[in-house]
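Here's the structure, in structure tokens; my notes come after.
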Amino acid sequence: MGLSTKVKVGFIGAGGIANVHARYYKELPNVELVGVAEIVKERGLEFAKRWNIPQENVFVDYREMIDKLNLDAVSITTPHRLHAEPTIYALKHGVNVLVEKPMASTANEGLEMYKAAVSSGKVLEVGFQNRFEAQIIAAKRIVSSGLLGEFYYGETLADGKRRRGIPTTPTFYTKEMAGGGVLLDLGCYAIDNAMNILGFPEVERISGHVFTGIGRSKDAIVEGSWGAWDTERFEVEDFVVAKIILKNGGVLILKEAWAMHNNELGRPFYMGTRGGIKLNPLEVYRDEWGHMTTTTVQLPNRDPWRDKVGKFIDAVANGKPSPIDPRENVYEQFILETIYESARQGGTEVKLTIPDEVKPILNQYAKGA
């Protein structure tokens, strides 16, 4: 694609997160917003008006939009269960894809998405803006330097302070639309942060427990919550805890809540034989000069969303690989699915089995990546 050519972008889904994508696309001089597909036509028309998309380019069926418009890329911001099908369709029709997290609602869907990207030669980026957060980039750099030594224990969570933060739309809490609850919604961030920071260590086995502790209680809709949700239709977990055992013997604990009778679950941290780090804020713990030292890392201000969208467009426009290797996200989907499988078995340890396609991304630091 020539540098003077604008990247023509369409949207599949026109909900709240699609507007965030649109705002960042609008910052880029080489992007043109040309179409939107939304099953609720009125919402699609409203979205098009807001972002100056021609009304004739509003579709109910994403396939019709892809078939009729000469798109270079799409943002897919549908409910979790509806990520895979439009991603695969777009890729097979020569359209690059930025799909919101989680990658999919099942691991096999994620694998098929990756295969479609490989066979099409198009960019597939799963929208983990956390990859571009200053503290995550710095934490990854610190760990890759060898500061931890041998990692042996850590705890990962994305948002440990949701005392009452259940999403209010059924797209998040019905199995038909979401496929899962807080593990898919927030746990995917927690897994992505841990795997990315630690260099994608090989996971051997997993045990997990999921709970619906609050979501079905009408009494839980109180002042200070995000708002009312339909307790009668709430079908997914609102709390998860999992034990992830690595091949080297290290243990990673995942915990995540949409709602709880507690004020916080703590901060993410990673401990090794030579040092440790903690997030929010990023702190480094080690022994130096005969003393125990604690260092707070000074971080630059950066907008991770700007990089998430901007680096996607850069890859599309200039023939670069995806800013986030989708094999890493497939690996993480298999971890998430194994947590669910263990939970279905009452927390029994389940061996993680992953496809050959994603094995090359394992143990990146050990390989000097």
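The values are calculated or read from the model by the stated rules, or taken from the named source; none is laboratory data. Quick caveat, the model's predicted, so the values are computed rather than measured. Cβ sites come from the backbone with ideal geometry, for glycine too, and all protein chains shown count toward neighbours. In case anyone asks, the SASA skips ligands and DNA or RNA and just uses the protein heavy atoms, side chains included. Shrake-Rupley method; radii C 1.70, N 1.55, O 1.52, S 1.80 Å.
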Can you pull out every residue in the range 331-369 that is of a type in the set (Val, Ile, Thr) and in contact with a strand residue (DSSP E or B) (Cβ under 9 Å, 6 or more places away or on another chain)?
Ile335, Thr338, Ile339, Thr348, Val350, Ile354
Out of the residues in the range 202-231 meeting the condition of being among the aliphatic types (A, V, I, L, M) and either in contact (Cβ under 8 Å) with a residue 60 or more places away in the chain or not in a loop (DSSP other than H, G, I, E, B) (or both), tell me which one is surrounded by the fewest Cβ atoms within 10 Å (Cβ to Cβ).
Ala228
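This table checks each residue for (1) open to solvent by 10 Å² or more (accessible area, probe 1.4 Å); (2) in contact with a strand residue (DSSP E or B) (Cβ under 8 Å, 6 or more places away or on another chain); (3) outside any strand (DSSP E or B).
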| position | (1), (2), (3) |
| --- | --- |
| Val9 | no, yes, no |
| Ile17 | yes, yes, yes |
| His21 | no, yes, yes |
| Tyr24 | yes, no, yes |
| Pro29 | yes, no, yes |
| Glu32 | yes, yes, no |
| Glu42 | yes, no, yes |
| Glu46 | yes, no, yes |
| Lys49 | yes, no, yes |
Got a sec? Which of Glu349, Glu357, Glu341 is out of contact with any helix residue (DSSP H, G or I) (no Cβ under 9 Å at 6 or more places or on another chain), open to solvent by 30 Å² or more (accessible area, probe 1.4 Å) and not hydroxyl-bearing (Ser, Thr, Tyr)?
Glu341
Selection from the range 54-108 of residues among the β-branched types (Val, Ile, Thr), part of a loop (DSSP other than H, G, I, E, B) and buried (at least 23 other Cβ atoms within 10 Å of the Cβ) yields Thr77, Thr78, Val95
Please verify whether the range 178-185 includes one or more residues that are farther than 25 Å from Phe234 by Cβ and not in a strand (DSSP E or B).
no
If I filter the range 156-173 down to residues being over 11 Å from Ala228 (Cα atoms) and touching a Gly at 6+ places or on another chain (Cβ under 7 Å), which single residue comes out as surrounded by the most Cβ atoms within 10 Å (Cβ to Cβ)?
Tyr173
Check off (1) over 20 Å from Phe334 (Cα atoms); (2) at pLDDT below 95; (3) not acidic (Asp, Glu) for Thr174 and give me the number that stays unchecked.
(2)
Among the residues of the range 119-160, how many are under 25 Å from Arg306 (Cβ atoms), part of a loop (DSSP other than H, G, I, E, B) and either small (Gly, Ala, Ser) or modelled with pLDDT under 95 (or both)?
2
If you check Leu111 against the conditions, is it surrounded by fewer than 24 Cβ atoms within 10 Å (Cβ to Cβ) and either touching a residue at least 12 places away in the same chain (Cβ under 8 Å) or of a type in the set (Val, Ile, Thr) (or both)?
yes
Pairing a residue in the range 302-325 that is without any contact (Cβ under 8 Å) to a residue 60 or more places away in the chain and open to solvent by 10 Å² or more (accessible area, probe 1.4 Å) with any residue that is assigned to a loop (DSSP other than H, G, I, E, B) and of a type outside the set (A, V, I, L, M), where Cβ atoms lie under 7 Å and the two sit 6 or more apart in sequence or on different chains, gives Asp314/Lys320
